Every structure is written in structure tokens, then in C-alpha cells.
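What follows is one structure encoded as C-alpha cells, with my remarks underneath.
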Amino acid sequence: MYGSTLGNIFRVSTWGESHGKGIGVVIDGCPAGLPLSEEDIQEYLNRRKPGQSRYTTKRQEDDAVEILSGVFEGKTTGTPISLMVHNKDQRSKDYSEIAQYYRPGHADLNYDIKYGFRDYRGGGRSSGRETIGRVAAGAVASKLLKELGISICAYTSAIGPVTINPNNFNKEEIQKNPLYMPDAQAAEKAQNYLEQCMKECNSSGGMVECIISGVPAGIGEPAFEKLDAALAKAIFSIGAVKGFEIGDGMNVADSTGLQNNDGYYVDEKGCRQKYSNHSGGITGGMSDGCDIVFRAAFKPTPSIAAPQKTVNRQGENIEIEIHGRHDPIIVPRAVVVVESMAALVILDFMLASMTTRLDKIKEFFQK
């Protein structure tokens, strides 16, 4: 299968299926000397594992990670890092009926057309469980970015019609509710909304917002390797994402130049600053030193128990009700996936930017 690798210098290749023996990732290009333990990675995986609340699948997995290579005496060695999580609570029999028809909103039909057969057990490679490898690699990238003074914070900004109020934003609240919303009032309303969806055997979509702080100006390339384009590609590679916007996003279509341009000024320290951040921290494909702010729209979970119309492998029109253990909403568990994908892109671009100026190369090698 082509397309399971991301990055140019910090390269990650994910592997595994939802109901296979395990899921994992191989990381190549991580510098030697980074303190790294399984606990560092587990902290991130715990944020996406199932069974944490009534708004996630009841599949019980501890998602315990194992470092198979690339770390010695608590530090990275500079060689490929291999990470693995065993699948322990598969119930493939729950999907035996699905083998005979194509689920609406899933990639079942596309798999059959492309490959001539498919792994129908939980969606195989297109399952959300594939994101374990992304999150494990993102944990490593995030720790390396912290060494460079860069932090990433993602959170749920909307669930269905419920949107957070910026005036109520509280970063500490993100970890205090099962929906990872930084607004306690919005979180309560969103939970009530989800309860109604669940009563109707339905699901909900939502929005994840991500803020990247500390990225210096000049990261990214002005043509085909634009930083915002790379972020968009990485975030769109998450299975349930159907929309991406950075800065003012779609609202720029209703704006004017005077409204949308970010004016500059020199502060009391002699540093260049921006009056606003409509660009979302990226201009001309390159970071401008401000916070990078983007949003990702997630579709509702397609596996729902309500009746849906579809076709079977024999080409007959049928009606189905999907049973099994499914999330009524994907968004809360996807927050850390968005954060991880952002970390992978930013780190890869940071490493690539080390080669863009001769004076910086001389400075490094002539010490």
C-alpha cells in the first residue's frame, strides 16, 4: 500500500489494522540524545484510547506501547525508533455481517473496487485505530519540539451546533471534561446534545482547533512545500476530517483587504510585531512568528444503529442497522491526533529549515 509514510527528514511510517495483532509506527530521522521513555508516549496514547467515557466506543484496550528499537539507556540513539501497541479486545464476529454489504460513510466499497477485496473487520487500515501510530510518533515529535520552545495545544471547539465561547476559554478545563472543551458551559451543553443523538441512535460531527506557539518566522517554503499546505495535507489524512482552515479561514471570502491584512509595528524592544493574526501565523507559505491557528472539521461517526439504505455485494438494495461498539462522536479522541499530526509537520519543517541559509550552516559546522 503506497502512502503510509509522512515527512522528509523526520519520517514516520505507520502499520497495522484495526483487528490485526497490533498497530505501530517506525520513526526515522529522530536525533540522538533525546530523553524518551514508554511513559512519555503512553501519556499521549491515553488521551485517544477507547472506553474513557460514555461518548467513546466500549472497546477495552489499554493501548500499552512498547519501544522495540531506537532507545538505549533512556535516550534516542539516532537509529530508527520502532513502537508497537498490541490489539487485545477485537471482536471480529461483530463485523461478519458487514462482509456482505457496504456501510454508508465508510470506505468499504472503495476498498473492494481498488484492491478486489477488503478487511471488513472494523475497516482494517481505514479504521480510526490506525491513528495509534500517528499519536505515538507525535508524542516523540512533541517532546523534541518542547526542547526547541515550541508547544502545541489542541481542543474541541464545537460539537454539532454547540460552539465554545472565546470569553470562557480556560486551558485547564480541556482535561477536566470528557469532550476536551476549554469552555465548561459549552461542554455541558454539548453533552446534553450528544445524549439526544444517542437516544436517536445517531452520531455527531464537530470541530477541533489547534494552536501552535513558539514557531520562529521563516519556517516553510514559498511554493509547493508551503507550511500551511503541509499542515492541511497532514490533517486531511486523518480519516474523518472533511474540512481544514487556517487563521480566518473561509471567512476571508467575506472580508476586505483592510479587514484581513495584518499590519506590522515595532515594539518597545525593537522587535517586529503584528497588530492582528488573520493569517493564522502563516503568510506566503512561511511562518511569521505568531501563533499558528487552524481548525479541522470532523464528520459524524458513520457507524450508527439507526436504519440506513445501502447495497450488498450482489448489487441489491437493502436496509441495514449497524451494531457493535462505536463512538457516538469521533472528535474528543481525535484532539490528540490533530495535535500529533501538527507536531510531526512542524518538526519536519524545522529540521529542513536548518539548511536554508549558508551562514547558519557555517555557524553550525565551524564551532
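At q = 0.13 Å⁻¹, work out log10 I(q)/I(0) for segment 251-367 with the Debye formula, treating every Cα as an identical point scatterer and leaving solvent out; two decimals please.
-0.84
Against the longest alpha carbon principal axis of the chain, how many degrees, from 0 to 90 and to the nearest 10, is the axis of helix 331-352 turned?
Computed tilt is about 40 degrees.
Just to confirm the filter: which GluC sites (Glu not before Pro) across segment 268-325 are DSSP coil and have at most 13 other Cβ within 10 angstrom of their Cβ?
Those satisfying the criteria are Glu268, Glu316, Glu321.
In segment 1-32, which chymotrypsin sites (Phe, Trp or Tyr not before Pro) fall in coil by DSSP and have 16 or fewer other Cβ atoms within 10 Å?
Tyr2
Helix-only estimate, please: 222 nm mean residue ellipticity of the chain, summing -39500 (n - 2.57) across DSSP H runs of length 4 or more and dividing by its residues, to the nearest 500. All intermediate terms of the calculation are to be shown ahead of the outcome.
Working: 8 runs with 96 residues, N = 367.
Helix-only estimate at 222 nm: -8000 deg cm²/dmol.
Rounded to the nearest percent, how much of the accessible area of segment 186-265 (1.4 Å probe, protein heavy atoms only) is carbon and sulfur?
54 percent
Can you compute the charge dipole magnitude of the chain about its Cα centre, using +1 on each Lys and Arg Cβ and -1 on each Asp and Glu Cβ, nothing else charged? Give it in debye, rounded to the nearest 20. Numbers along the way, then the final one.
Working: 41 positive and 45 negative charges, 123 e Å.
In debye, rounded to 20, the chain gives about 580.
Along its three principal axes, how long is the chain when you only count alpha carbons? Whole Å, largest extent first please.
Extents along the principal axes, in whole Å: 68, 50, 38.
Pairs Lys75/Lys143; Lys189/Lys233; Lys242/Lys309: which are spaced more than 24 Å apart, C-alpha to C-alpha?
Lys189/Lys233
By how many degrees, 0 to 90 and rounded to 10, does the Cα axis of helix 38-48 deviate from the longest principal axis of the chain?
Between helix and principal axis, roughly 60 degrees.
Let me see the pair-distance distribution of segment 85-176: every alpha carbon pair, 10 Å bin width, integer percents in order.
12, 26, 26, 25, 10, 0
Using a ≥ b ≥ c from the Cα gyration tensor of segment 212-302 (square roots of the eigenvalues), is it rounded, prolate or oblate, where a/c under 1.5 gives rounded and otherwise the larger of a/b and b/c decides, a/b for prolate?
Judged from the Cα gyration tensor, segment 212-302 comes out prolate (a/c at least 1.5, a/b above b/c).
Given H placed 1.01 Å from N in the peptide plane, which residues other than close sequence neighbours of Gly218 have an amide H under 5 Å from its amide H?
Residues meeting the criterion, in which the H sits 1.01 Å from N, are Ser287, Asp288, Gly289.
As a quick test, which of the pairs Lys49/Lys299; Lys49/Lys88; Lys226/Lys269; Lys49/Lys176 have an alpha carbon distance above 23 angstrom in this structure?
Flagged as over cut-off: Lys226/Lys269.
Taking the 0 to 90 degree range and rounding to the nearest ten, how far is the long axis of helix 184-199 tilted relative to the main principal axis of the chain, both from C-alpha atoms?
Once rounded, the angle reads 20 degrees.
Please list the non-local residues whose amide H lies under 5 Å from the amide H of Thr76, H modeled 1.01 Å from N, same-chain partners needing a gap of 5 or more.
Gly33, Leu34, Leu36
What spacing in nm lies between the two simple spin-label points modelled at Cys271 and Phe365, each 7 Å away from Cα in the Cβ direction?
Those two pseudo-labels are separated by 3.2 nm.
The values are calculated or read from the model by the stated rules, or taken from the named source; none is laboratory data. Keep in mind that this is a model prediction, so the values were computed, not measured. Cβ sites come from the backbone with ideal geometry, for glycine too, and all protein chains shown count toward neighbours. These accessible areas exclude ligands, DNA and RNA; they are computed on the full protein's heavy atoms, side chains included. Shrake-Rupley method; radii C 1.70, N 1.55, O 1.52, S 1.80 Å.
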